[in-house]
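Visitor: Could you have a look at this structure, given as structure tokens, before my questions?
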Amino acid sequence: MQTAIIAILVLGFLVFVHEFGHFAAAKLSGMRVEEFSIGMGPTIYSVQKKETKYNLGALPIGGYVRVTGEYAQEFDDGVLDVDDERRYQNRPIWQRFIFVSAGSLMNFLTAIVLFSAIFWYIGIPTPLGDNTVSAVVEGGAAQQAGIIAGDKIIAINGETTSTWEDITHRIEESQGQTLYAMIERNGEQLTFQVTPVYNETERRLLLGIQQDMVMKQGDLLQSVRYGVKETYEITLLLIDAVGNLITGQVAVTDDEEGLMGPVGIFQTIDTTAKAGAIYVVNLMALLSVNLGLLNILPIPALDGSKLVFLAIEGLRGKPVDPSKENFVHFIGFALLMLLMIVVTYKDILRLFS
């Protein structure tokens with residue numbers, strides 16, 4: 001029961017953050033918001049506040065913000081005149097673009113805040129000691145060159161390296177060219193030729209050397225910087241994962257790298273909650289990046305698809321027929337529901353396997 005409550009709160013919070021982004025953007029741009037809904041399925045609570053109806057659905061797996069004029073005419077309640085400036089289609093295209101993308105932007109911002117809070121709480125990863133190599137990656141460039149654990153890197157290409165950041169900077173500057181690393185070993189100075197290798201996972205050049213790290217309390221600015229960096233790196237990893245799914249390198253139903261439905265997410269939250277609150281916050285940040293990226297992809301029925309239609313409108317100077325656009329979104333929504341059923345079925349089978 002406790003796990004279910006935590007899962008509902010986590011998913012509900014992330015959905016709220018996303019929809020609040022749309023809501024705030026609509027209000028700031030002068031659009032009339034008809035509905036603000038958190039959750040799907042049967043409505044368990046609803047209240048009307050001025051022009052906006054606020055709904056709470058039974059299932060915290062989605063939500064929506066509906067502004068007047070956003071959909072085709074058959075969905076319009078006619079409360080505003082056709083030429084009223086508060087209607088969605090009468091707002092400048094840049095305001096509509098911000099409105100559509102604001103949900104994902106809020107998710108990315110939330111991830112940054114949560115990751116920053118984690119670094120503020122547990123500390124900033126800081127090298128322990130000097131430039132002594134604590135370990136070398138098996139088969140990595142450093143090992144092949146002859147560098148071993150315990151070596152102290154004192155210069156690269158004749159330039160002194162006084163910090164580990166200096167070493168990282170020299171590697172990045174190399175652009176993959178061979179480096180001359182001067183190391184200190186048992187009181188002797190030796191020079192090795194080593195060529196950095198680009199790592200696809202980390203998206204940077206590496207020598208295959210490691211240094212012992214310790215978590216030290218940093219200031220707020222450092223925590224935020226690491227929060228932004230973590231969000232950026234997680235986003236890149238997810239983009240790679242999406243690319244693998246699209247190209248068929250990974251199956252949607254793959255247990256390790258495939259998609260996960262509500263059942264799988266609940267199970268993950270259950271496992272994470274047992275590890276401690278800090279792990280739940282970290283999972284929330286990861287899910288927030290997932291939600292933000294997923295919605296910004298050009299998939300029919302999602303925000304990314306709406307952005308594509310806005311881009312087409314900007315290029316051709318007039319909007320796509322609303323009924324045609326909504327038909328595309330309807331088909332996309334039906335396919336997404338079918339995909340969710342398949343993924344949920346897979347999650348249930350895995351749960352009882």
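The values are calculated or read from the model by the stated rules, or taken from the named source; none is laboratory data. Source: prediction; values computed, not measured. Here Cβ is always computed from backbone atoms with ideal geometry, including for glycine, and neighbour counts include all displayed protein chains.
Visitor: Report, by residue number, each residue of the range 204-224 that is more than 26 Å from Gly139 (Cα to Cα) and surrounded by 16 or more Cβ atoms within 10 Å (Cβ to Cβ). Before you say what the answer is, go through the steps one by one.
Guide: Of the residues in the range 204-224, the ones more than 26 Å from Gly139 (Cα to Cα) are 215-224.
Passing the criteria: Gly218, Gln222, Ser223, Val224.
Visitor: While we're on this one: Check every one of the helices (runs of 4 or more DSSP H) wholly within the range 60-175 and list those with 1 or more residues that are in contact with a Leu (Cβ under 6 Å, 6 or more places away or on another chain) and at pLDDT below 90. Outline the logic, then answer.
Guide: On the way: elements: 93-122, 141-145, 164-174.
Qualifying helices (runs of 4 or more DSSP H): 141-145, 164-174.
Visitor: Take the residues in the range 182-202 that are assigned to a loop (DSSP other than H, G, I, E, B) and closer than 18 Å to Glu165 by Cβ; name whichever of them is farthest from the chain's Cα centre (by Cα).
Guide: Pro196
Visitor: Here's a follow-up. Kindly indicate whether Leu286 is under 18 Å from Leu237 (Cβ atoms), buried (at least 18 other Cβ atoms within 10 Å of the Cβ) and out of contact with any Pro (no Cβ under 6 Å at 6 or more places or on another chain). So that I can check it myself, show each step before the final result.
Guide: Details: under 18 Å from Leu237 (Cβ atoms): yes; buried (at least 18 other Cβ atoms within 10 Å of the Cβ): yes; out of contact with any Pro (no Cβ under 6 Å at 6 or more places or on another chain): yes.
So Leu286 passes the test.
Visitor: Hey, another quick one. Looking at the range 59-79, is at least one residue charged (D, E, K, R), buried (at least 19 other Cβ atoms within 10 Å of the Cβ) and farther than 30 Å from Leu179 by Cα?
Guide: Yes - at least one qualifying residue is present in the range 59-79.
Visitor: Might you let me know whether the range 84-95 holds any residue that is surrounded by fewer than 20 Cβ atoms within 10 Å (Cβ to Cβ), in contact with a Phe, Trp or Tyr (Cβ under 7 Å, 6 or more places away or on another chain), in the same structural domain as Pro322 (by TED's automatic domain parsing) and under 23 Å from Ala311 (Cα atoms)?
Guide: no
Visitor: Only one of these is farther than 19 Å from Pro125 by Cα, touching a helix residue (DSSP H, G or I) at 6+ places or on another chain (Cβ under 9 Å) and not basic (Lys, Arg): Leu190, Leu206, Leu179. Name it.
Guide: Checking each option against the conditions leaves just Leu179.
Visitor: Being buried (at least 18 other Cβ atoms within 10 Å of the Cβ) and polar (S, T, N, Q) is the filter here; which residues of the range 27-54 pass it?
Guide: Answer for the range 27-54, where residues must be buried (at least 18 other Cβ atoms within 10 Å of the Cβ) and polar (S, T, N, Q): Ser29, Ser37, Thr52.
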